[in-house]
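Report on one structure; see the data block that follows.
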Amino acid sequence: MNTQFKNLADQAAAFGSVSAAEVLSLRREGWGDGIITREEAEALFAVNNALSDRNEEWSDFFVEAISEYVLNGTEPRRQCDVREASWLIAQVDHDGVLESMVELETLVHIIDRAENTPEQLKHYVLQQIEREVLTGTGPTRCGGELSATHVSAAECRILRRVIFAGGGDGPAAVSRFEAEMLFRLKDKTLAEENAPDWDELFLDGV
């Protein structure tokens, strides 16, 4: 990690904000050598944890940079192994909860793109979505929107992306863990106003 990148990251973390221009500078400094290192990736997580507002430029950069590190930082490329999955989960779960939509999107983006994804990563994401459905809070609930227990449209989209990702048990293959999770959600939300996509997702998955 070069000095300029470190200074930019430290400044953003200290102030709790990052401008579009600063994101551009981080992108140039971080990818100036064509790779994202572990040290740089952890610095970006530190910045993300400190931000009070995550603009579109930051969100796009964060997802791309962390995905690049995990999937292409070491050989073989396009792979997410158990060690990388454990590191990812530790970064987003450092305070016991996955807090931001950009973190959730990063995990799902990696699962989308990876040719191989450890079960622990898919299970972690699915457990987070199940928790959000049952508590009515979390990244997909607009930063804390309280509502009746139900499956939202955003949660349907994420569940479909994770369950039917090609890097798990196989394209369009649904594991027992995933099917049981879908049944739990169905049982808990029978009387609720789930998103229109929920019924189709449940039938496709089960």
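The values are calculated or read from the model by the stated rules, or taken from the named source; none is laboratory data. Note that the structure is predicted; figures quoted are calculated from it, not measured. Methodologically, a virtual Cβ is constructed for each residue, glycine included, from the backbone with ideal geometry; neighbour enumeration extends over all protein chains shown. Heavy atoms of the whole protein, side chains included, go into the accessibility calculation; ligands, DNA and RNA do not. Shrake-Rupley method; radii C 1.70, N 1.55, O 1.52, S 1.80 Å.
Which residue, of A148, A173, A191, A179, is modelled with pLDDT of 90 or more and over 20 Å from the mean Cα position of the chain (by Cα)?
Residue meeting the stated conditions: A179.
When you scan region 28-38, do you find a residue that is assigned to a helix (DSSP H, G or I) and open to solvent by less than 80 Å² (accessible area, probe 1.4 Å), even just one?
Keep residues of region 28-38 that are assigned to a helix (DSSP H, G or I), which gives 28-30, 38.
From the residues that got through so far, the ones that are open to solvent by less than 80 Å² (accessible area, probe 1.4 Å) too are 29-30.
Yes, region 28-38 contains at least one residue that is assigned to a helix (DSSP H, G or I) and open to solvent by less than 80 Å² (accessible area, probe 1.4 Å).
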Every residue in region 46-75 that is part of a helix (DSSP H, G or I) and touching a residue at least 40 places away in the same chain (Cβ under 8 Å), please.
N48, N49, W58, S59, F62, V63, I66, S67, V70, L71
Yes or no: region 81-101 includes at least one residue that is open to solvent by less than 50 Å² (accessible area, probe 1.4 Å), modelled with pLDDT under 90 and of a type in the set (S, T, Y).
yes
May I ask you to verify whether A50 is among the small types (G, A, S), more than 18 Å from S17 (Cα to Cα) and surrounded by fewer than 21 Cβ atoms within 10 Å (Cβ to Cβ)?
no
List the number of the failed condition for A13; all other conditions in (1) of a type outside the set (D, E, K, R); (2) open to solvent by 70 Å² or more (accessible area, probe 1.4 Å); (3) touching a Leu at 6+ places or on another chain (Cβ under 9 Å) hold.
(2)
Condition broken by L71, with the remaining ones in (1) closer than 19 Å to A165 by Cα; (2) touching a Ser or Thr at 6+ places or on another chain (Cβ under 8 Å) satisfied:
(2)
Pairs only if they're at least six apart or on different chains, beta carbon under 9 angstrom, first in region 125-143 and within 15 Å of V162 (Cα to Cα), second at pLDDT below 80 and surrounded by fewer than 16 Cβ atoms within 10 Å (Cβ to Cβ); list them, first residue then second.
Q128/V97
